[in-house]
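Okay, structure first, notes after.
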Amino acid sequence: MDNELLKKHIEHYLDDLKSDLDKHERDLAEREERIAFYQSYHPEKIMDMEEEDLFEYLRILWAMLIWGNKHYAVDRLISDNGFDNLKKHLADLVWSGNSIEKRWDRFRGEIKGMGPAMMSEILCHTHPKNCMLWNRRAYVGLNYLSVQGLPRYDYQMTGKKYSELSKVTSDIAIALEEQGVENPNLLTVDYFIWDELQVEKNLSRMFQKEKSEEKTELEVLEDSKEAKFIHNEIRDKIADIGSWLGFKASTEIKIASGSKVDAIWEATIGNMGRIVYVFEVQTKGSLDSLILNLLKSLNNPAVQGVVAVSDEPQLETIQKHVENVGDLHRRLRCWNYEEVLRVHDELKDVNETINKLGLVPESF
C-alpha cells in the first residue's frame, strides 16, 4: 500500500471535515445508527425473524440499491434457500465463534444470491472494528492505493482474502487515527474510501482485461471449491440479469422430468401461457450431464431456448458434441461466462443509477 499517497488523502479528508462539519456529523450519526441496528440482531433474534423482519434487516443495505423492488429480491433469497436455512447460515456468518475465513466460505458455499458486497456490509455494520465492507468502490479505492492481490470477481473473494483485506483496512483506520480522526473503525474507512479515493471515473474498468493478462479457462480449474464458487456466482448473476430484464428468474429449478437446471428466465404472455429460457453453467468436469440436462429440458413445451454458459474452449467442445443432436443443436445458444460477468456489472450500474432517482415508491 502506498502510505504516502494515503497520508496525503487523509490530510485532504480532514480539511474537508473541518470545512463541512454538518456533513461530518450526519455521516457519524448514520454510522452509529447502522451499527446499533445491526448489532441489535443477536443470534436468537435472527433465528426468530419473520419474513418481514428479514426484509427490514436487508432493505437498508447499500448493496440493495440495485433492486427497485426490494421485496422481490428478499423473496427470491427466501425461495432459493429456504427461510429457516437462510436464517441459520446468516446467524452463523455473523455470530459464530469460528474464524471469519470458515464462516465466510461456508456461507458462500451454502447460500445462493447473497454475494460479498451484501455479506461484508452486514459484517462491517455488526463488527466494525474487525470486518471491512467490500464492494466495487472499495476495489477502486484500494487499487488506487496500490494494494496488491485485489479480487476482481466475487468468486475470488474467499474467506482468506476477506480476512487479509480487513487487516489492510485496519491499517488505514490506524493511519486515520494517527492523523486526528477520532475512534475510527472499518465503517469509517468505508466512508473515507467513498469520499476520498474514488479516482476511477468508470468503475466498470476494473473488469477490463489487459491485453497481456491470461484468460481463465474454467475447464482447467483444479480447486473444486473455487470451481463451485465460480459456478454459483455465474448462476446467481444470470438470475439477476433476468430479473433486471423483467423476467421471473429462479435458480436450481426442476424444469422437466429428470432435469434440474442452474437458472431459468420465465415470462407469462397474457392468458396464453409462459415462455422459459434455460441456463446451464459448466465450470469443470464432464459435459455429459450438462448436455443431457439441456436435452431433457426441451421436453417442456414452455422452453423456448437453452443456453450453455462456460469458457471459450468448453463452449466449442459443447457445440461439437451437439452437432448431430437435431433439436438441441438448433436451439442451443452459448454464452461466455466473462460476458455474463460484464453484462451483470453494467446492468448493476444502470439499476443503481435509476433506483437512486426514486421514481417508483418502494412499497409499489
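The values are calculated or read from the model by the stated rules, or taken from the named source; none is laboratory data. Note that the coordinates shown come from a computational prediction; the quantities given were computed from them, not determined experimentally. Positions of Cβ are generated from backbone atoms using ideal geometry, with glycine treated the same way; all protein chains shown enter the neighbour counts.
One residue stands out among those in region 243-289 that are aliphatic (A, V, I, L, M) and buried (at least 22 other Cβ atoms within 10 Å of the Cβ): the one that is farthest from V343 (Cα to Cα), which is I255. With respect to (1) more than 25 Å from T283 (Cβ to Cβ); (2) at pLDDT 90 or above; (3) not acidic (D, E), the lone exception for L332 is condition (1). Would you mind stating whether H71 is surrounded by fewer than 21 Cβ atoms within 10 Å (Cβ to Cβ) and either touching a His at 6+ places or on another chain (Cβ under 7 Å) or assigned to a helix (DSSP H, G or I) (or both)? Yes; evaluated as a whole, the condition is true for this residue. Taking every residue in region 133-152 that is under 18 Å from W104 (Cα atoms) and pairing it with any residue that is part of a loop (DSSP other than H, G, I, E, B) and modelled with pLDDT under 95, at least 6 positions away or on another chain, the pairs with Cβ-Cβ distances below 7 Å are W134/M157; P151/M157.
Scanning region 306-351 for residues that are among the charged types (D, E, K, R) and assigned to a strand (DSSP E or B) turns up just one, R333.
When residues of region 273-311 are filtered for being small (G, A, S) and closer than 15 Å to S250 by Cβ, how many remain?
Of the residues in that region, 2 qualify.
Of everything listed in (1) surrounded by 14 or more Cβ atoms within 10 Å (Cβ to Cβ); (2) of a type outside the set (A, V, I, L, M); (3) in a loop (DSSP other than H, G, I, E, B), the single unmet condition for N293 is (3). If only residues of region 262-309 that are farther than 13 Å from R331 by Cα, out of contact with any helix residue (DSSP H, G or I) (no Cβ under 6 Å at 6 or more places or on another chain) and of a type in the set (S, T, Y) are counted, the one that is modelled with the lowest pLDDT is S286.
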